[in-house]
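Enquirer: I have a structure here, written as structure tokens, and I will follow up with some questions on it.
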Amino acid sequence: MTSDMRQMTALGRGIEDRSFAIIDAEVGPHGFPDAEWQVVRRVIHATADFEFRSLMRFGGDAIASGIRALRAGCPVVVDVKMIAVGLNEQRLASYGCKVFSFISDEDVIASATASNSTRAIESMRKAHREGVLDGAIVAIGNAPTALLEVLRLVREENAKPALVLGVPVGFVSAAESKDELIASTVPFIAARGRKGGSTIAVAIVHALLLLSAQEAQGAHEARGAHDAQAPSRDRGGAP
């Protein structure tokens, strides 16, 4: 259920609901479909920055792709450990999802040093070698070079992530990497420009988890209603 996914006390849920109501009121009319708006307003909630209303972009049926991936128990590949720390592992584990962060691995550091690359680039290469990019949700909140490398792996090495969250923050290649993601064929959620960060990546993953729970609850209720209306022998229906 939705409330279980949020794992809050009644007071905590009340505060969060009031925050979302304030965001909805201050934003007013917008052009986002409901599911996309739930992602955008959670980003605004995490940052208190209403500019994200105009920065967020979605492509490749992103929401549906993310929900399908979660339900399939997809890997969640992150560029920095800060994202891994922020994610609710219990929620992800309920789907069978594991979080992968390679940026501090000794072999990644050694490869980056030897090739004058970056740890972020080498971590994405390792993710691909380890077979965890395909079907994954890739959450990049810090390193534009990681995002650019994922896109190169898609183009040149047939990597197939289910969804890329491209929200790296910064001044060097941050905006450009997101523009490249938006122009790609990969399902994506991105924040244009320099703004971004690990907090935003975490907020998006948690929004997808909540949307998945809501969709499952809706399907369960619909099945219950259908079963209640179906004819049965006890009610004189056809056998």
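Enquirer: Just ILE22, ILE137, ILE109 to compare: in a GNM of the chain, with alpha carbon springs under 10 Å, which one fluctuates most?
Expert: ILE22
Enquirer: Let me ask something else. Can you tell me the 0 to 90 degree angle between the C-alpha axis of helix 62-71 and the longest principal axis of the chain, rounded to 10?
Expert: That works out to roughly 80 degrees.
Enquirer: What share of Cα pairs, in percent, lie more than 18 angstrom apart in region 46-90?
Expert: Tail of the P(r) past 18 Å holds 54 percent of the pairs.
Enquirer: For VAL85 and GLU26, compute 0.36 nm times the residue count separating them, minus their Cα-Cα distance, and round to one decimal in nm.
Expert: That works out to 18.2 nm of additional length.
Enquirer: Pairing the Cα long axis of helix 106-115 with the longest principal axis of the chain, what angle in degrees results, from 0 to 90 and rounded to the nearest 10?
Expert: 50
Enquirer: Quick one: pull the percent of accessible area on the chain belonging to carbon and sulfur, 1.4 Å probe, ligands and nucleic acids left out.
Expert: In the chain, the share of accessible area belonging to carbon and sulfur is 53 percent.
Enquirer: Can you tell me what share of the DSSP beta bridges in the chain is antiparallel? A percent to the nearest 5 is fine.
Expert: Antiparallel: roughly 25 percent of the beta bridges in the chain.
Enquirer: Past the 17 angstrom mark, what percentage of all C-alpha to C-alpha distances in region 1-138 do you count?
Expert: Here the tail beyond 17 Å accounts for 70 percent of pairs.
Enquirer: As a test of the formula, what do you get for the chain when each DSSP H run with n ≥ 4 contributes -39,500 (n - 2.57) and the sum is divided by the residue count, at 222 nm and rounded to the nearest 500 deg cm²/dmol?
Expert: -17500 deg cm²/dmol
Enquirer: Where only protein heavy atoms count, and the probe is 1.4 Å, what is the accessible area per residue for the chain in Å²?
Expert: 49
Enquirer: Rounded to the nearest angstrom and ordered from largest down, what semi-axes does the equivalent ellipsoid of the chain get from its C-alpha gyration tensor (root of 5λ)?
Expert: 35, 22, 16
Enquirer: Amide H to amide H under 5 Å from ALA139: which residues, 5+ apart in sequence or cross-chain, H placed 1.01 Å off N in plane?
Expert: It is VAL77, VAL78, ASP79, LEU165, by chain and number.
Enquirer: Give the separation of the Cα centroids, region 67-122 to region 123-190, in Å.
Expert: For region 67-122 versus region 123-190, the Cα centre distance is 12 Å.
Enquirer: With every protein chain in place, what's the accessible area of HIS206 (1.4 Å probe, Å², nearest 10)?
Expert: 30
Enquirer: Right, next: Between 0 and 90 degrees, rounded to the nearest ten: what's the tilt of helix 10-27 against the longest Cα principal axis of the chain?
Expert: Relative to the chain, helix 10-27 is tipped by roughly 70 degrees.
The values are calculated or read from the model by the stated rules, or taken from the named source; none is laboratory data. In this text, all values refer to a predicted model and were calculated from it rather than measured experimentally. Side chains included, ligands, DNA and RNA excluded: accessible areas come from the protein's heavy atoms. Shrake-Rupley method; radii C 1.70, N 1.55, O 1.52, S 1.80 Å.
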